[in-house]
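Colleague: The structure is given below, and queries will be raised subsequently.
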Amino acid sequence: MTNNTTGQAGAATLDITPPRPVRGYSGPSMYRGPEAEDSNLLAHALVLSDGNNQIAIVSTDILLIGRPEFLAMRELCELRTGIPAGNIFIGATHNHSGPAAGPTWVNAPAPDPLYMDQLTRSIGDVVQQAQNNLQPARIAAGQAPTEDVTFNRRLLRPDGTVVHTVVLQQAPYANDLNPDFPPAGPVDEDVGYVMVEQPDGTPIACLMSFSCHCHSSGAAYYHRDMFGRAGDAIRQKLGADIPTPFMAGACGDTMWVNVKTGLPNPEGQWPCEANLEYTWQLGHKIADAVLASVKDRERFEINNLKTAKRVMEVPDRSLDDSEFCEDNCRGHDAEALNFARTRYGPERLAILDRGDSNCLIEVGAFSISDRVAMATNPAELFVALGLQIKERSPFEVTLISELTNGYCGYVPTEEAFKQKGYETHRAVWVSRLEKTGGQAIADGCVDMLNQCKNG
């Protein structure tokens, strides 16, 4: 590789931690963590250029980004940088120890408007900084296998319905979950990566994607959790303070809990200090997998950047076709039953009041050098659908980025609806699409990949 390559890359990182307490995903206000813990929330941006086109990829250590909020962010990025709106991809890591930038449950707090203004400006700032940092670059891309990081969190009871591994956090749970119950779906243990380097091998950024719910820390304060810790571990091991954009892979039905061994701490409680340490362990496992794989991968120039996107209007499930947590998938104790009543009662009434509705879904893709691509969607997509996208992709390496360019809630497979369970329980924003919506998203992602491949 010579220094006169036309391909360029620039990257940047910004702190996006709220300056004051802001209510979290479903609980009390969160606050800035202890300085020694280094847990502040970050936004990472990577801008790629082939001399003619530029694309921007942004990850944020927050729960989700609603579509109206995303559109404001993308518009500002385009205004600041001139990068076309369709070439900008903004994702959330689904970090439960961070705020939501969009609506969640009907009875949950609305996003803090002052923080939303700060976050929007910060996204514009970080993309602009990444663009200003453009320099000659090359990349290496691949899929690196991991072990004991991600597990399917839906286990099949003998009657064909599922029990959620969340009951491990409740005691007693023996009557609700048997560790020998088989998983209801597959897992994707590969971490996808794109390592971006200067022509002499100096790292510029590391883009990653992995299929696991990013909420292992359980921290009551702002914390960037396992995906953030994977980036921290990359920086430690490389000895380089590089941006590490991390996109959530299709992980609607996977998480970090191994039912064979239980929670990291012997008391079975969560959150706790043991989970903070375990989160570091998970981050190191992901980083080790990437660095072990990338050292022998071919480096190639950045050229022929292509993007594609489509906005689809997908119907939401009707009230008659919906279930509201009547299946005890979270256990039979008083806490679980109270959870179902207080969360889903308002959801049922809101859906009844609103009537029939639709959801705008943006699926997209970008490709680099006709060899590596990323497919994006706004769902908490089930793993089987993500694996299907990868298998049908025309590219050598395909990464999945869910919770990107909007939010449309859990999107299970049609088979999962028959098995019932938490992710299938109807909610206004969190599980809403008609039962064929998952396949529509998968087909749309594959179409976008094919458009990139075929020009």
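The values are calculated or read from the model by the stated rules, or taken from the named source; none is laboratory data. Since we're looking at a predicted model, the values are computed, not measured. Glycine also receives a Cβ, built like all others from the backbone with ideal geometry; neighbour counts cover every protein chain displayed.
Colleague: Being hydrophobic (A, V, I, L, M, F, W, C), surrounded by fewer than 22 Cβ atoms within 10 Å (Cβ to Cβ) and closer than 16 Å to Gly160 by Cα is the filter here, so list the residues in segment 413-430 that pass it.
Modeller: The answer is Phe417, and nothing else.
Colleague: Looking at segment 115-125, can you tell me whether even one residue there is at pLDDT 95 or above, of a type in the set (Asp, Glu) and under 30 Å from Thr6 (Cα atoms)?
Modeller: yes
Colleague: Same structure, new question: Testing Ala350 on (1) modelled with pLDDT of 95 or more; (2) out of contact with any Ser or Thr (no Cβ under 8 Å at 6 or more places or on another chain); (3) buried (at least 17 other Cβ atoms within 10 Å of the Cβ); (4) hydrophobic (A, V, I, L, M, F, W, C), one condition comes back false. Which one is that?
Modeller: (3)
Colleague: May I pose another question? Among Leu64, Leu41, Leu46, which is in contact with a Lys or Arg (Cβ under 7 Å, 6 or more places away or on another chain), hydrophobic (A, V, I, L, M, F, W, C), touching a residue at least 60 places away in the same chain (Cβ under 8 Å) and buried (at least 21 other Cβ atoms within 10 Å of the Cβ)?
Modeller: Leu41
Colleague: Give just the number: which of (1) farther than 24 Å from Arg153 by Cβ; (2) at pLDDT 95 or above does Arg317 not satisfy?
Modeller: Here Arg317 meets the rest and fails (1).
Colleague: Within the set of pairs 6+ apart or on separate chains, which have a first residue in segment 318-337 that is in a helix (DSSP H, G or I), a second that is among the charged types (D, E, K, R), and C-beta atoms under 8 Å apart?
Modeller: As it stands, the answer is Leu319/Arg348; Leu319/Arg426; Asp321/Glu434; Asp321/Lys435; Ala336/Arg330, since those pairs meet every condition given.
Colleague: Filter segment 15-38 down to the residues that are surrounded by 21 or more Cβ atoms within 10 Å (Cβ to Cβ) and touching a strand residue (DSSP E or B) at 6+ places or on another chain (Cβ under 7 Å) and list them by number.
Modeller: Ile16, Gly24, Met30
Colleague: Continuing with the same structure: Can you tell which of Gly91, Gly124, Gly102 is closer than 15 Å to His44 by Cα, in contact (Cβ under 8 Å) with a residue 12 or more places away in the chain and surrounded by fewer than 24 Cβ atoms within 10 Å (Cβ to Cβ)?
Modeller: Of the residues listed, the single one that is closer than 15 Å to His44 by Cα, in contact (Cβ under 8 Å) with a residue 12 or more places away in the chain and surrounded by fewer than 24 Cβ atoms within 10 Å (Cβ to Cβ) is Gly124.
Colleague: For segment 122-193, which strands (runs of 3 or more DSSP E) that fit wholly inside it have 3 or more residues that are over 16 Å from Leu207 (Cα atoms)?
Modeller: 154-156, 162-164
Table: residues versus (1) within 22 Å of the chain's Cα centre (by Cα); (2) part of a loop (DSSP other than H, G, I, E, B); (3) not aliphatic (A, V, I, L, M).
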position	(1), (2), (3)
Tyr278	yes, no, yes
Arg297	no, yes, yes
Ala373	yes, no, no
Leu387	yes, no, no
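Colleague: Can you tell me which of Val257, Val191 is over 26 Å from Ile55 (Cα atoms) and either aliphatic (A, V, I, L, M) or surrounded by fewer than 24 Cβ atoms within 10 Å (Cβ to Cβ) (or both)?
Modeller: It is Val257.
Colleague: Every residue in segment 220-241 that is within 21 Å of Glu273 (Cβ to Cβ) and surrounded by fewer than 24 Cβ atoms within 10 Å (Cβ to Cβ), please.
Modeller: The answer is Ala220, Tyr221, Asp232, Ala233, Gln236.
Colleague: For segment 350-366, which positions are in contact (Cβ under 8 Å) with a residue 12 or more places away in the chain and either closer than 19 Å to Lys390 by Cα or in a helix (DSSP H, G or I) (or both)?
Modeller: Hits for segment 350-366 are Ala350, Ile351, Leu352, Arg354, Glu362, Val363, Gly364, Ala365, Phe366.
Colleague: Please state which of the following conditions Gly51 fails to meet, knowing it meets all the rest: (1) modelled with pLDDT of 95 or more; (2) touching an Asp or Glu at 6+ places or on another chain (Cβ under 8 Å); (3) surrounded by fewer than 21 Cβ atoms within 10 Å (Cβ to Cβ).
Modeller: The single condition Gly51 does not satisfy is (2).
Colleague: Of (1) at pLDDT below 95; (2) touching a helix residue (DSSP H, G or I) at 6+ places or on another chain (Cβ under 7 Å), Asp296 satisfies all except one. Which?
Modeller: The failed condition is (2).
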